[in-house]
Amino acid sequence: MPEPTTTVILHGTAILPDREISDSLVLLQGERIAYAGPFDEGRIPEGARHVDAASLYVLPGLIDTHVHGTHGDDVMLAGVEGLRRICARFPQYGTTAWLPSTISARHPDLLQAVRWCVEARENPTDGAEIAGIHVEGPYINPKRKGAQPEEGIRDPDFDEVGELLQAGEGLIRVVTLAPELPGGLDLIRLLVREGVIASMGHSDASYDQALEGIATGATHATHLFNAMPPLHHRDPGLIAACLNEPEVLAEVIPDGVHLHPQTVRLAIRAKGPDRVALITDAFSATGLPDGEHTLGPHRVVVRGALCILENGTIAGSILTMDRAVRNATEFARVSLVEAVRMASLIPAGVAGCADRKGSLEAGKDADVTLLGPDFTCRATWVRGRPVYAREG
């Protein structure tokens, strides 16, 4: 792993949490950001490495809190070395931290995946940091399983949950569940006591059942609109509850497939950009050619941006976080500052690391990415170490 150095990123458009700075200076000293603000020649230390970012955007490292794999590696199948490969791949998309996300599976298989994540975090590569784990299922409603394997779905089992939390060693940050299941509300209570985010998703909950889940402590919605009852004007259901209640933070997949662009706009306008986390829900086909790929036990056919099972069900995405930022600005007509916040500072809060990641602020980890005018990633640093530079 390369050592961090003193680096000054000059003359780019820096995206801070509340504003853009068109002629900026971002100073990385060791593993931390020392300064991010207007260009000031007096702040440049002697001997620092200079990076000219003119015509580029300078962003905090992007954080993906819902992702199943990339470039042929699947969180549920790849083992520790596969997770390390995923970490190494993500910086080319501007992603510097992520939550490996599991799918519904037999309990021993889930335990194994969680333990792999813990081990991979303890033995990091020079890529994106594993900031936590998102356990998506298995305590979800089979009526809204989406691409989740039905054989892995079941009602809450509190002995299992205890074993998962123990295996996660404090790394499990989010658990997706259906609040209407027998034991669903008790599961929410348990997760809240353990400091884990209870996220409603893959659920057939009515509006009132969703409100009960929220009152019990659920504060998150997994890929809003997807794997939920459709919004209906006489039967508002889970979607309307998540849109209406300010304490709920909503995941949104802005790929133009899971959600129509105007639905992305609706969600962000209804919730506000400080209550939306952009996610990819990407799986192992990301970065690979069209064809047949895998998501857990499923075979998934990828054609362009469309990823489907044999029965036509959408199954994950091949979205990347740099494109998620671009799409949010185009689909929802939000500012770049707002789009970046939904892809960095807001998910940092979900991952429990907003005190050290998610924004260009002095004292935070030197996780920085440069995006071109087309929003493709040009270079990335993780804790001050240069981990990706686009050739040419």
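Highest GNM mean-square fluctuation among 263, 320, 102, for the chain modelled with Cα contacts below 10 Å: 263. Rolling a 1.4 angstrom probe over the protein heavy atoms with all chains in place gives the chain an accessible area of 38 Å² per residue. Here the Debye sum runs over all C-alpha atoms of the range 5-130 as equal scatterers in vacuum, and log10 of I(q)/I(0) at q = 0.14, 0.17 Å⁻¹ comes out as -0.70, -0.86.
The residue list 114, 205, 195 was ranked by how far each Cα lies along the charge dipole of the range 107-232 toward its positive end, using unit charges on Cβ atoms, and 205 comes out on top. In the chain, the alpha-carbon atoms span a convex hull of 122 Å³ per residue. Size descriptors for the range 230-308: radius of gyration and Dmax over Cα atoms are 15.2, 43 Å.
Rounded to whole Å and sorted largest first, what semi-axes of the equivalent ellipsoid does the C-alpha gyration tensor of the range 303-392 yield via the square root of 5 times each eigenvalue?
Whole-Å semi-axes of the equivalent ellipsoid: 26, 17, 15.
Comparing Cα centroids, the range 219-243 and the range 1-46 end up 41 angstrom apart. Of 303, 173, 333, the residue with the greatest mean-square motion in the GNM of the chain, using alpha carbon springs below 10 Å, is 303.
Here the accessible area of the range 253-392 is 49 percent carbon and sulfur, with a 1.4 angstrom probe and all protein chains present. DSSP beta bridges fully contained in the chain are about 55 percent antiparallel. For the options 183, 201, 358, a Gaussian network treatment of the chain with springs between C-alpha atoms closer than 10 Å singles out 183 as fluctuating the most.
In loop segments of the range 1-110 as defined by DSSP, the trypsin sites (Lys or Arg not before Pro) with at most 15 further C-beta atoms inside 10 Å of their C-beta are 19, 106.
Other residues lying with their Cβ under 13 Å from the Cβ of residue 79 contribute a combined charge of -2, Lys and Arg counting +1, Asp and Glu -1. Across the accessible surface of the range 1-141, with the other protein chains kept in place and a 1.4 Å probe, carbon and sulfur atoms take up 43 percent.
The values are calculated or read from the model by the stated rules, or taken from the named source; none is laboratory data. Note that the structure is predicted; figures quoted are calculated from it, not measured. Neighbour counts run over all protein chains shown; Cβ positions are idealised from the backbone, glycine included. Accessible surface areas use protein heavy atoms only, side chains included; no ligands, DNA or RNA. Shrake-Rupley method; radii C 1.70, N 1.55, O 1.52, S 1.80 Å.
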